Amino acid sequence: MASNILGKISKERTISAVVIVIAALAAILPGGIILAVVLYSISIIGFLELTKACGVRKGQSLNALEIAGIVAITCYYPVTYFVQDASYAVMVMLLSMIGMMSVYVFGFPKYHANQVMDAYFALIYAPVMLSFVLLTRQLEDGVYLVWMIFISSWVSDTFAYLTGVLIGRHKLAPVLSPKKSIEGSVGGIVGAALFGALFGAFMDSTLGQMQYIVILAVVGGVGSIISQVGDLAASAIKRNHQIKDYGKLIPGHGGIMDRFDSVIFTAPITYFLILILMNGHG
């Protein structure tokens, strides 16, 4: 009975993973407005999963704090895509905080200060951090470089799992995630760095230059570390609020925040590391 259930879950996870990869290809390869719309949609869902998990929403209906967040996301993505000026993006985020604080003070005492802070946290956590997938895609050679976000997260996760199964002995975070090991963590870092170097070699060969091997090896290794922090952070939030998954949107995986927890963390790190290392290389 148990083996049948595990087999069904494994099949669901595999099918969902394949669909996610196909969807990622369909959105990232053309980039542009298609990718922006996809990320906007994912951000809305992720934001609402977090607000529900953190107790911003007490019932089933959206409240004013969540609506303020949705308005902010709806303003933020067009500014990020069309304007491409960080100062305007910061302006949107500051105005969104003022908007949420307005809901708080004019609706007082309907909302608690913790709900306002959690709502703003959810806004930064999912929508803003995830938007760096779009920003990375907009870089020169971004059609290639954007995949480092996924190498740093999903490839790292695969290597960490396989290494942990084979030689894992010492617990990485025994209370939070008992199955994760230090050996698995190191395996994930090494695997992502190696994949990054191989991807860099492919880019150099394709583009006829010699600059990406070392850069992407570093991005992969550092990204893997951040990816693991993102994975554990999402788990910690679930433990704090005593929930198993953030949602049920993706069969076998849970919600958007369950599947993209590490990607959300690696996206901004990948973007800034590439900028810093490319400037240093130049």
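Since every read-out is calculated from the coordinates, none of them should be taken as a lab result. As the structure is a prediction and not an experimental result, all values here were calculated from the model. As a convention, Cβ positions derive from the backbone with ideal geometry for all residues, glycine included, and neighbour counts pool all protein chains shown.
For segment 126-282, give the magnitude of the charge dipole about the Cα centre (Cβ charges: +1 Lys/Arg, -1 Asp/Glu; no others), in debye to the nearest 20.
Magnitude of the dipole: close to 640 debye.
DSSP H helices in the chain with Cα extent of 24 Å or more along the helix axis and mean Kyte-Doolittle hydropathy at least -0.5?
Long hydrophobic helices here: 2-28, 32-53, 86-106, 182-207, 212-240, 261-281.
Hey, in the GNM for the chain with a 10 angstrom Cα cutoff, which one of 30, 78, 127 fluctuates hardest?
Of 30, 78, 127, the most mobile in the Gaussian network model is 30.
Magnitude of the Cβ-charge dipole of segment 31-130, K/R +1 and D/E -1, about the Cα centre, nearest 20 debye?
260
Which listed residue (152, 79, 56) has the Cα farthest towards the positive end of the charge dipole for the chain, taking +1 on Lys and Arg C-beta and -1 on Asp and Glu C-beta about the Cα centre?
56
Search the structure for amide H atoms under 5 Å from the amide H of residue 172, placed 1.01 Å from N in the peptide plane, and list their residues when 5 or more places away or on another chain.
Under 5 Å from the amide H of residue 172 lie the amide H atoms of 180, 181, 182, each far enough along the sequence or on another chain.
Counting helices only, and only those DSSP H runs with n ≥ 4, report the 222 nm mean residue ellipticity of the chain as the sum of -39,500 (n - 2.57) divided by its residues, in deg cm²/dmol to the nearest 500.
-23500 deg cm²/dmol
Shape verdict for segment 141-282, please, from the Cα gyration tensor: rounded (a/c under 1.5), prolate (a/b greater than b/c) or oblate.
Because a/c hits 1.5 or more and a/b exceeds b/c, segment 141-282 counts as prolate.
Net charge near residue 96, counting Lys/Arg +1 and Asp/Glu -1 over other residues with Cβ under 15 Å of its Cβ?
Net local charge, residue 96 excluded: -2.
So if I place +1 on the C-beta of Lys and Arg and -1 on the C-beta of Asp and Glu, and nothing else carries charge, what would the dipole magnitude of the chain be about its Cα centre? I want it in debye, nearest 20.
1020
Which of the following values of log10 I(q)/I(0) by the Debye sum over Cα atoms at q = 0.09, 0.12, 0.14, 0.15 Å⁻¹ was calculated from the structure shown: (1) -0.35, -0.65, -0.92, -1.09; (2) -0.46, -0.81, -1.08, -1.21; (3) -0.60, -0.94, -1.17, -1.29?
Matching entry in (1) -0.35, -0.65, -0.92, -1.09; (2) -0.46, -0.81, -1.08, -1.21; (3) -0.60, -0.94, -1.17, -1.29: (2).
Suppose a student asked you for the relative contact order of the chain, using Cα pairs under 8 Å spaced at least 6 residues apart; what percent would you report?
20
Indicate the gyration tensor shape class of segment 44-170 (rounded, prolate or oblate), computed on the Cα atoms with a ≥ b ≥ c the square roots of the eigenvalues: a/c under 1.5 is rounded; otherwise a/b larger than b/c is prolate and the rest oblate.
Here segment 44-170 falls in the oblate category.
Report, in whole Å, the centroid distance computed from the Cα atoms of segment 60-99 and segment 184-228.
For segment 60-99 versus segment 184-228, the Cα centre distance is 33 Å.
Report the one residue of 208, 218, 175 whose Cα lies farthest in the direction of the positive end of the charge dipole of segment 141-282 (charges on C-beta: Lys and Arg +1, Asp and Glu -1; origin at the Cα centre).
Value: 175.
Work through the residues other than residue 207 whose Cβ is under 12 Å from its Cβ and net out their charges, Lys, Arg +1 and Asp, Glu -1.
Cβ neighbours under 12 Å give a net charge of -3.
Do you know the relative contact order of segment 146-187, to the nearest whole percent, from alpha carbon pairs under 8 angstrom that are 6+ apart?
Worked out over segment 146-187, it gives 39 percent.
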